[in-house]
1. Residue check: is residue 75 touching a Cys at 6+ places or on another chain (Cβ under 9 Å) and in a helix (DSSP H, G or I)?
2. Considering only residues of the stretch 19-41 that are surrounded by 10 or more Cβ atoms within 10 Å (Cβ to Cβ) and over 14 Å from residue 64 (Cα atoms), which is farthest from the chain's Cα centre (by Cα)?
3. If I go through the stretch 42-57 residue by residue, how many of them are assigned to a helix (DSSP H, G or I) and exposed (fewer than 15 other Cβ atoms within 10 Å of the Cβ)?
4. Of the residues that sit in the stretch 37-92 and are within 17 Å of residue 13 (Cα to Cα) and acidic (Asp, Glu), which one is modelled with the lowest pLDDT?
5. Does residue 60 satisfy being in a helix (DSSP H, G or I) and in contact with a helix residue (DSSP H, G or I) (Cβ under 8 Å, 6 or more places away or on another chain)?
Amino acid sequence: MNGKAFDNWKKSRKKGCLNWLFRTTFVTAILYMIFNVIFLYPSSDAASITIFLSDNALNYSIYTIGMFFAFWVIWLYNESSYKKEVKRRNVA
């Protein structure tokens, strides 16, 4: 972990795991929905955007749950790397 990544993770971990997980999951889910509408809605048979969104609600839910667990794994990995770096640097 380089100096900048170390400092950034130090700031992120102060906010807490759940805060980071929910924030990153929410942002990626919203971006997924936006890009899904931009690229897939024009070629769909849905009469309106609300129908398109409701037809894809299961996909959005599965994606969001999957990303939550993926980001949890990323959190655990980054936390492990951070703790190793703290020991290496002898930082309290």
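1. yes
2. 41
3. 8
4. 85
5. So residue 60 passes the test.
The values are calculated or read from the model by the stated rules, or taken from the named source; none is laboratory data. Quantities reported herein were computed from a predicted structural model and do not represent experimental measurements. Heads up, the Cβs are rebuilt from the backbone with ideal geometry, glycines too, and the neighbour counts pull from every protein chain shown.
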